[in-house]
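Visitor: Below: one structure in structure tokens.
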Amino acid sequence: MASFTNKSLTFFRQLAKNNKRDWFQPRKELYDELIRFPMIELVEQIAADMRKFAIDYVPADPAKAIYRIYRDTRFSKDKTPYKTHIAAHFQHQKLPKNRAGGFYFSVSHTGVEIAGGIYMPGPEELAAVRDEIARKPKAFAALTSEAKLVRRLGPLRGEKLARVPKGFDPEDAAAEYLRMKNFYFDLTLDSSAALKPSFRKTVIDHFKLVAPVVNYFNRAVLAAIKPEEPDRPVRPEPMF
């Protein structure tokens with residue numbers, strides 16, 4: 001059975017028009033029924049599927065892979081209190097939260113997003129990835145241009161610096177990649193995709209395609225961590 005229904009999408013549409021606490025709070029139980037509980041069930045199923053190809057990314061508690069509905073408005077001009085989508089992030093269990101590569105999907109009334117890569121790396125993690133790319137640029141280019149991956153999820157995306165970062169040769173064969181600040185594949189589908197019985201399979205199929213790239217990033221990050229290095233503070237949750 002599909003996890004979400006038309007009522008789930010309608011709730012998001014209404015929330016987008018009434019994004020304030022006095023509208024949401026009386027409807028919190030409805031949100032749980034239509035959106036949060038179906039998402040928990042779906043994430044549990046997806047986590048079970050991931051044991052077959054990405055066991056290091058299976059969360060001990062699937063519910064904790066789901067982002068909260070409440071927006072962090074501290075540093076945003078947009079002070080609306082709630083997100084108008086629900087999302088989950090599957091990260092490497094040997095790395096602290098939001099530190100390296102992972103898998104992501106979200107559902108809203110405007111569309112379904114499925115993504116994978118390294119979205120908000122810290123300075124050390126980004127340096128590790130760049131070093132690995134510079135070491136074998138052809139291997140990275142081949143990995144990220146694999147035909148089926150690009151056909152299904154589009155080209156590799158990410159913000160870029162104006163220049164190649166200090167310490168790297170501007171004439172390096174990987175110069176275009178070295179300018180990137182994040183690296184990810186991202187696909188947007190119509191919101192109706194979330195209503196189909198095949199939605200779980202759709203998410204898993206795309207996760208499988210991007211898994212080699214996600215693993216590449218995390219191998220580089222893990223290899224760069226010194227055994228005696230103490231755990232770094234958990235980075236704040238990105239504001240998707």
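Read-outs: derived from the displayed coordinates by stated rules, not from any lab. It should be emphasised that the depicted structure is a prediction, and the values quoted were computed from it without experimental measurement. Note that we place each Cβ from the backbone using ideal geometry, even for glycine, and neighbour counts take in every protein chain shown.
Visitor: Which length gain, in nm to one decimal place, applies between Ala63 and Asp169 when the Cα-Cα distance is subtracted from 0.36 nm times their residue separation?
Guide: Net length gain for the segment: 33.7 nm.
Visitor: Which of Gly167, Leu153, Pro212 sits farthest toward the positive end of the charge dipole of the stretch 6-224, with +1 on the Cβ of Lys and Arg and -1 on the Cβ of Asp and Glu?
Guide: The Cα lying farthest towards the positive end belongs to Leu153.
Visitor: Right, something else. For the stretch 62-176, state what percent of all Cα-Cα pairs lands in each successive 5 Å bin, counting from 0 Å until the bin that includes the largest distance.
Guide: In whole percents, the pair-distance histogram is 2, 9, 14, 18, 20, 16, 10, 8, 3, 0.
Visitor: Normalise the Debye intensity by I(0) for the chain, one equal point scatterer per Cα, no solvent, then take log10 at q = 0.09, 0.15, 0.16 Å⁻¹ and round to two decimals.
Guide: -0.42, -1.08, -1.20
Visitor: Residue-wise, which Karplus ³J(HN,Hα) couplings in Hz belong to the stretch 90-100, taking 6.51 cos²θ - 1.76 cosθ + 1.60, θ = phi - 60°, and x for glycine or proline?
Guide: For the stretch 90-100, the Karplus curve yields 9, 10, 5, 6, 9, 10, x, 4, 6, 9, 9 Hz.
Visitor: While we're looking at this one, here's another question. Any chance you could get the radius of gyration and Dmax over the Cα atoms of the stretch 21-125, in Å?
Guide: Computed over the Cα atoms of the stretch 21-125, radius of gyration and Dmax are 15.0, 44 Å.
Visitor: If one takes the longest principal axis of the Cα atoms in the chain, at what angle in degrees, from 0 to 90 and to the nearest 10, does the Cα axis of helix 6-17 lie?
Guide: 80 degrees
Visitor: How far, in degrees from 0 to 90, does helix 123-135 lean away from the longest principal axis of the Cα atoms of the chain, to the nearest 10?
Guide: Relative to the chain, helix 123-135 is tipped by roughly 50 degrees.
Visitor: Then there's this: What angle, in degrees between 0 and 90 and rounded to the nearest 10, separates the Cα long axis of helix 37-50 from the longest principal axis of the Cα atoms of the chain?
Guide: 30 degrees
Visitor: Next question. Using each residue's phi in the stretch 170-187, evaluate 6.51 cos²θ - 1.76 cosθ + 1.60 at θ = phi - 60° and report the 3J(HN,Hα) Karplus result to the nearest Hz, with x for Gly and Pro.
Guide: With coefficients 6.51, -1.76 and 1.60, one gets x, 8, 4, 4, 9, 3, 5, 6, 5, 6, 6, 9, 8, 9, 7, 10, 8, 10 Hz.
Visitor: To the nearest 20 debye, what charge dipole does the stretch 133-224 have about its Cα centre, counting +1 at the Cβ of each Lys and Arg and -1 at the Cβ of each Asp and Glu?
Guide: For this selection, approximately 240 debye.
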